[in-house]
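The numbers here are math on the coordinates, done by the rules we state, and not lab data. Since this is a predicted model, take the numbers as computed values, not measurements. Glycine also receives a Cβ, built like all others from the backbone with ideal geometry; neighbour counts cover every protein chain displayed.
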Amino acid sequence: MRNWVLRDEQPADVEAIATLTTAAFAGRPYSSGTEAAIVDALRAADALTISLVAADAEDGVIGHVAFSPATIGGDASGWFALGPVSVDPQCQGEGIGTALVTAGLERLRNAGAKGCILLGAAAYYRRFGFEHDLSVTLEGLPPGHLMVQWFGAERATGEARFHPAFGV
């Protein structure tokens, strides 16, 4: 097993994050190939609410997760989106992605966020508390593709929107 640590993104990590993200999504049938550009656009828009990396002394940045502002039903107060999350293909299955997602969600909860949305594999993201909620939709997708995690009693309904950087 590698000896890695989680930490906030640093300016010197930007290129490594782009390279890692491109490699992590290469050849995936669900990938648009724009994931690295999305992270760069979020960063340029100062919309990376949380940007964590997993790094080890030998290989540098081996994992990354991004959280950015989102809206649900027109409400932009306290809603966030998870993604992309990237792990070096040589390091997948070592718990790095789980650690990144768990740490980011904990930070959102501690900051008073209302909840988080994502598009991803239900079998993977259910372990973190994400669920399909048919009262929250995403334009262009059939109901049930978007996943939501509520952090408190407050729920929102309506159309979810990711940050415009996701449109790159």
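Helix 96-110 axis versus longest C-alpha principal axis of the chain: approximately 50°, rounded to the nearest ten. Residues of segment 133-168 with an amide N closer than 18 Å to a point placed 7 Å from the Cα of S31 along the Cα-to-Cβ direction: 166-168.
Available extension along the chain between A122 and D56 is 20.9 nm, counting 0.36 nm per residue and deducting the alpha carbon span.
Taking a Cβ cut-off of under 14 Å around R7, the surrounding Lys, Arg, Asp and Glu residues balance to a net charge of -3, with basic ones at +1 and acidic ones at -1.
Just report the Cα centroid separation between segment 98-168 and segment 1-74, whole Å. Spelled out, the Cα-based centre of one part sits 17 Å from the other. Would you mind telling me which residue in F80, F128, F67 has the biggest mean-square fluctuation in a Gaussian network model of the chain, where springs connect alpha carbons within a distance under 10 angstrom? Between F80, F128, F67, it is F128 that shows the largest mean-square fluctuation.
Placing a label point 7 Å from the Cα of E106 along the Cα-to-Cβ direction, the residues of segment 60-88 whose backbone N falls under 18 Å of that point are 63-67. Hey, what angle do you get for helix 35-44 against the long axis of the chain, alpha-carbon based, 0 to 90 degrees rounded to 10? Compared with the principal axis, the helix lies near 80 degrees.
Across all Cα atoms of segment 4-167, the radius of gyration (one decimal) and Dmax (whole number) stand at 15.0, 46 Å. Just checking the listed ones, P84, P143, P11: in the Gaussian network model of the chain with Cα springs under 10 Å, the one fluctuating most is P11. Other residues whose C-beta falls under 12 angstrom from the C-beta of T49 contribute a net charge of -1, scoring Lys and Arg +1 and Asp and Glu -1.
The relative contact order of the chain comes to 23 percent, based on Cα pairs under 8 Å that sit 6 or more residues apart.
When the GluC sites (Glu not before Pro) in segment 47-153 are filtered for DSSP coil states and for at most 11 other beta-carbon atoms within 10 Å of their beta-carbon, the remaining sites are E58, E139.
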